[in-house]
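In what follows, a structure is listed as structure tokens, so that the remarks can point back to it.
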Amino acid sequence: LHRRRTTTTTTTTTISENMMNKYRKKRQGGDAARMQSSVHRHAGAPSFLVDMTTTTHDNDNHNNNHNPTTSLKLESSVIDVEADDEPIHISQGAIPDSVLYDTYRDHHHPGPATTTNGDDDDSRGNHHHGDETRKRPPGESFHHHPADDSTLLPSLCGMVALALAAVLLGAVGTALGIFNAVVTESTTTTSSVGSSSAKEDDSTAPPPPTSTLERITERGYIVCGSGPAVLPGILLPTGGSSEEEEEAQYAGLELDLCRILAAAIFNGQQLTTDDDDDDKGSTTRPSRYRMVPLSYAARWQTLQNRDVDVLFRATYNMERDVYEPSAQQGFEFSFPYYIDGIAFGGVPEHVDCAVALDFNSTTDDGVVCQDTKVCVIEGTTHEEVMARLLPEEVIVRVREDLDGFPNQCNVMASESASINSEAVKLLGYTGPYKISEQRFSREPISAVTRQGDPRWSDFVEWIIQGLIFAEEEDITQSQSFRFDSTTIFGGNDTHPHPTLEKMFEHANEVRGNYGEVYNVNVESFLQRSGMNLLNKGDSPIIYSFPLGDTSIEGPQIEVASPTVKAIKARGYLSCGVSLRKGFAEFDDITHKWNGFDVELCRAIAAALFDGVDHVRYTDMPAVQRFQELEDGLVDVLARLTTHTLARDVKEPTIGQGLSFSSPYFHDGLKFGGVGSKTQCANNRDVISPDCQDLRICVLEGTTILSRVQELFRDEYIVPKLNFNEIILSLNDDEGGCNAVAGGFHDVALQSIEERGYVGDQPYTVGENVFSKDPLALTTLQSDPLWSDFVRWIFWALVYAEENGINQATASDMPSTKLFGPLRTNALYHAVNAVGNYGEIYDRNFQELVPRGGLHELNVDFGPMMRALPGIALKQQS
């Protein structure tokens, strides 16, 4: 049984008639964007304001030919139509019936439709009577009205009976807890109205695509959603309004991201050549991508309804990650492609009042702060922040950035990119203006995808990672050929989309690396600085993402998460670790575990068991860890696991991708050794006489081994199962190795000596670092709610340190109902059990790897752009 949740969403859609006709033609046979939210019209094109009230079941598949319980209605018999900026009043009957009906059909039945004399067949909602099709005469309502009133009462009785049955089933379902069942995109249902006919019609049809990559490939283009198109450098209309330009009417960072995704999917293609409708020849159009500006209020439902494939310009926070209330589920977020914070912009004197939170006094210049009014976009994280910060009488709620200024308000609160001076100039404002230096929130802006399709979410994530990686490696647009091919997203019988082997190369060909994309689009409006700079590994990067509205009640995790169900049933958390100095150690005398990884597991367990850290630890070899995680022998890996491309998308030993928290420790490959062998390994020297017998011990089944194999030939590498074997080999002149490869902590002198090194020659450590190894908590992708819980428990530890909360003051941690009312104090219990991130680090690592660099809190909002490892470059000959 699957939960059928019914929600009603009302949105106002501005549809350009020219665009609507264009979309109708292009979408035959596909399910392109249904323009559910604001689509900005072209200059000179009349627009119809239509109210769409949609009843949506979240396990409906919109590709199926079922009868949706949806109506397209007019709020009144008179509609305001904008044409050339002049309002025109048109009666309902004046709007062509075919236009209204085709708009309805496009929104709900995007597939091919056969028409007879201007009417639609059953795929448009008509009812079959035997072999006859009842055609809807022009002017008739969208819902079928029986011609014979005698049929009305039985129909109503049947509907009432169905409704009562649904209510009864819902009550039973609630008692059984099935309302918390996880609903995935691949779930399909048959409408209760006309279902038999639909099933018969579809009996020979291929199953509808379930993967977004499949859907995009079948459709022939990607549909990208964003916020309103009013931001210079981010997304701005270019003024194009011709038939050929209609799909390329925007410019900016987010349009380029959409083009980049399209190029990666369609083997480098952004443009295709299509025949013109008038058969006069062919024309090249940007038909591989569509950009759809959306209202902030409707964007989540639009994404959830599959009207767009990816959503840009959304702040990554806990609320949206776990349970976004308008869509009634969580979403998947990429690494931020832009990081900003709320600033105040406006009339300088009133900006100063807002920054000082002074709304009573009069300044020396005679400015009355009591007159300060701050515009903020309703339904956004900005509104939540301002509601906590400002008095209610100061706030003016608006629908979009720049609305209300300077008439309704003299200050705006938004990201600095949204209210930059160039954007204000476009409004025609020429008065004095400034943006505050202070930031009043954290706004990591990410690309968002639906839950339940990890392949697509991973694809979007790694395209963004690829752009950052390219800048790190100085791969410019003209050097895109340096990317090696990959088969990680390759097509197969289940996913017959392109092999995508050159996805990174084709993505970089569009505009170049992240720095080039930023410079072309944003630099002239907002100079690149702070968190949007590359982090080269020498500056702080520990940083928690914002929480959002934690008072929202989400699904009870004990019911909705299979993993947590199993944990609760057995009575303890099963945590996979690796015996390693500082990370996980077992005291044979006290029979207690300690270490950084151990304390992370304790924090998770305490959050689940109301402060009691019921945990059992399993020390496991690296080669077995992922299989044991998949088999359910452990619930989470806190086991020195590096977040890489292959493990994120398709870990080789289990054939599926994994979920990762933000990195809790940034490790890297270093070499240690005895005598001269340290410098042999450190300098990658196997030619000098003293270095020709170099033999390097390294743990098998690790990313460290993979990196060592890139640096040395196999004859110089000695894989070992565990570190005890490595120490034995170092102690024995005939043991097989005289150097060791590992992370900072592995090769540290203190770690090697405590493990038992007693060799005759002194042991030293090289200074070079040869890899990037961000270690993260690891869970299965198949339980996203559990992965969310683990991710945000870790970030809670960082949040605590950022806000000066320690183990003794853990009661200052915010409460949250996002994981259900039973977990209201989860964040408090985590910090109360082990303290904040800094306390955990100091207890376990300070003597071994003194805190600094990447492990410091990024309190000064320094560089954050740092790619994850795993993307390969071609070997230079």
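The values are calculated or read from the model by the stated rules, or taken from the named source; none is laboratory data. Note that this is a predicted model, so its numbers are computed, not measured. A quick note on method: Cβ atoms are made from the backbone with ideal geometry, for glycine too, and the neighbour counts reach across all protein chains shown. Just the protein is used for accessible areas: all its heavy atoms, side chains included, with ligands, DNA and RNA removed. Shrake-Rupley method; radii C 1.70, N 1.55, O 1.52, S 1.80 Å.
Relative contact order of the range 584-637, taken over Cα pairs closer than 8 Å and 6 or more residues apart, is 18 percent. Which of the residue pairs Lys536/Lys670; Lys502/Lys874; Lys677/Lys772; Lys373/Lys434 have a Cα-Cα distance greater than 19 Å in the structure shown? Cα-Cα > 19 Å for Lys677/Lys772; rest within. Structural descriptor for the range 368-507: relative contact order 15 percent, calculated from alpha carbon pairs under 8 angstrom and at least 6 residues apart.
Ranked highest first by the average count of other Cβ atoms within 10 Å around their residues, in what order do 779-791, 312-324 fall?
On the way: 779-791: 23.1, 312-324: 24.9.
Ranked by mean Cβ neighbours within 10 Å, highest first: 312-324, 779-791.
Once Lys and Arg get +1 and Asp and Glu get -1 on their Cβ, which of Leu848, Leu785, Leu827 lies farthest toward the positive end of the dipole of the range 773-858? Farthest along the dipole direction, towards plus: Leu785. For the range 654-746, the solvent-accessible area with a 1.4 angstrom probe is 39 square angstrom per residue. Accessible area per residue for the range 762-877, computed on protein heavy atoms with a 1.4 Å probe, is 38 Å².
Taking a ≥ b ≥ c as the square roots of the eigenvalues of the alpha-carbon gyration tensor, the range 378-426 is classed prolate because a/c is 1.5 or more and a/b outweighs b/c.
If the segment from Lys565 to Ala872 were pulled out straight at 0.36 nm per residue, it would be longer than the present Cα-Cα gap by 106.6 nm. When the residues Asp597, Asp685 are ordered by accessible surface, computed with a 1.4 Å probe over the protein chains alone, the sequence from largest down reads Asp685, Asp597.
The protection proxy used here, the mean number of other Cβ atoms lying within 10 Å of each residue, ranks peptides 212-223, 634-645 as follows, highest first: 634-645, 212-223. With a/c under 1.5 counting as rounded, go ahead and sort the range 456-567 into rounded, prolate or oblate using the C-alpha gyration tensor (a ≥ b ≥ c being the square roots of the eigenvalues; past the cut-off, prolate if a/b is larger than b/c, else oblate). Oblate. Distance between the 7 Å Cα→Cβ label points at Arg528 and Asn768: 2.8 nm. Averaging the Cα positions of each part gives two centres, and for the range 372-411 and the range 699-723 these lie 57 Å apart.
Residues within the reach of a label modelled at Arg616 (point 7 angstrom out along Cα to beta-carbon, backbone nitrogen below 11 Å), restricted to the range 550-579, are 570-575. In a simple Cβ point-charge model (Lys, Arg +1; Asp, Glu -1; nothing else charged), the range 274-405 has a dipole of about 360 debye relative to its Cα centre. The range 650-684 and the range 536-614 have Cα centres separated by 23 Å. Here the range 348-446 is assigned +1 on the Cβ of each Lys and Arg and -1 on the Cβ of each Asp and Glu. Its dipole about the Cα centre then comes out at about 180 debye.
Once you order the gyration tensor axes a ≥ b ≥ c over the Cα atoms, which shape class does the range 532-612 get: rounded for a/c under 1.5, otherwise prolate or oblate by comparing a/b with b/c? Verdict is oblate for the range 532-612. Distance between the pseudo-spin-label points of Lys536 and Gln477 (7 Å out from Cα toward the beta carbon): 2.5 nm. For the range 342-460, the Kirkwood radius over C-alpha pairs fed into Stokes-Einstein at 25 °C and 0.890 mPa s yields D = 161 µm² per second. Treating r as the C-beta distance of Asn407 and Gln269 and R0 as 45 Å, the FRET efficiency rounds to 0.45. The slack in the chain from Asn360 to Val859, taken as 0.36 nm per residue of separation less the alpha-carbon distance, amounts to 176.5 nm.
How much of the accessible area of the range 625-747, in percent, comes from carbon and sulfur atoms when a 1.4 Å probe is used?
45
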